[in-house]
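The structure under discussion appears below in the form of structure tokens.
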Amino acid sequence: MKVDFVDSHQAEYGVQPVLQALEDTPAQIAPSTYYAAKTRPASARSRRDEQLTGLIKQIHAENYGVYGARKIWHELQRREVRVARCTVERLMREAGLRGLLRDKSPRTTRPAAETDRPRDLVKRDFTATAPNQLWVADLTYVRTSIGWVYAAFVLDVYSRMI
């Protein structure tokens, strides 16, 4: 059963059907060309790429996966590994490695021109003579390794308790 599948698969997607499809074109490709390329040893570039990829993965892991191509390239320079930065970028892309993305600060409010700003009800006087007389609120955001975390606080001005 398995042999039949392999034979039919090879008959449809093997080298010979591709060569037959190319027969009527100007491309002159002999079957030996395919087999020669398949058995040819790896090129010097591909061997070096393999070594560099291993080193890049190691540096990336040592730095908790936050280093991007630029910092990994600098680390390779410190280790006296001479390589172009674009090569590091290419190899990281092929290996599926990315550094931590430093997003811009999120835009939390988008005021419309036709709306008024919130009124300053305390006229910038943040004093209180007893608890629960004046509360103020704040919304802030903090960047973490997985994204932005938003936090809202309500503060009693007198006791400064949140």
Q: Can you run down the residue pairs with Cβ atoms below 8 Å, 6 or more apart or on separate chains, where the first is in the stretch 120-138 and farther than 9 Å from ASP156 by Cβ and the partner is surrounded by fewer than 10 Cβ atoms within 10 Å (Cβ to Cβ)?
A: ALA137/ALA152; ASP138/ALA152
Q) If you take the residues in the stretch 143-162 that are open to solvent by 80 Å² or more (accessible area, probe 1.4 Å) and within 23 Å of LEU101 (Cα to Cα), which one is modelled with the lowest pLDDT? A) SER145
(Q) I want to confirm something. Restricting to the stretch 49-61 and keeping residues that are without any contact (Cβ under 8 Å) to a residue 40 or more places away in the chain and either touching a helix residue (DSSP H, G or I) at 6+ places or on another chain (Cβ under 9 Å) or polar (S, T, N, Q) (or both), which single residue is nearest to ILE146 (Cα to Cα)? (A) HIS60
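The values are calculated or read from the model by the stated rules, or taken from the named source; none is laboratory data. All figures in this text were calculated on a predicted structure; none of them were measured in a lab. We place every Cβ from the backbone using ideal geometry, glycine too, and count neighbours over all the protein chains shown. Areas reflect the complete protein model, heavy atoms only, side chains present, ligands, DNA and RNA absent. Shrake-Rupley method; radii C 1.70, N 1.55, O 1.52, S 1.80 Å.
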